[in-house]
1. So which of 117, 53 is surrounded by 15 or more Cβ atoms within 10 Å (Cβ to Cβ) and at pLDDT 95 or above?
2. Can you tell me which residue within the stretch 67-89, out of those that are surrounded by fewer than 14 Cβ atoms within 10 Å (Cβ to Cβ) and more than 25 Å from residue 32 (Cβ to Cβ), is modelled with the lowest pLDDT?
3. Restricting attention to the stretch 18-30, does a residue exist that is modelled with pLDDT under 90 and in a strand (DSSP E or B)?
């Protein structure tokens, strides 16, 4: 871990641990900062780069350039904490769409199992890159399609009606 460019360098010897309430605590230079919350700078484009550890006031307590640079135990704690806070199911297949107009109800298979989402308007489908989409359902849940071209032909056909 390194400090952010706008702070003085942090002393070596970071430790992360869980407090008795299960929250992450940062230990550095004899100081304990608890709780700290990991936040991704670019959760879709670069999920394993640019992670800030924020204190309870939302101030940056530490900056992590790349998760892969951390020792396995620190990386595991941060990854576990991020997974518990983030919920962005990845759509793997679109099984059925109620109508090709909005609002429409979609039956989809995700990396977290089958589910249903309601698309209110075409504007709720955001193109993040040439092949990546973020779909917001009527309840505010964000669904990710990482690679449109990797979807089966029927799923791509459903999508084409809304893009």
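1. Answer to the selection: 117.
2. The extreme case among them is 86.
3. yes
Table: residues versus (1) outside any loop (DSSP other than H, G, I, E, B); (2) in contact (Cβ under 8 Å) with a residue 40 or more places away in the chain; (3) not assigned by TED's automatic domain parsing to the domain that holds residue 46.
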residue	(1), (2), (3)
56	no, no, no
61	yes, no, no
68	yes, no, no
74	yes, yes, no
81	yes, yes, no
107	yes, no, yes
116	yes, no, yes
126	yes, no, yes
149	yes, no, yes
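The values are calculated or read from the model by the stated rules, or taken from the named source; none is laboratory data. All values derive from a computational prediction rather than experimental measurement. Note that each Cβ is placed from the backbone with ideal geometry, even for glycine, and that neighbours are counted across all protein chains shown.
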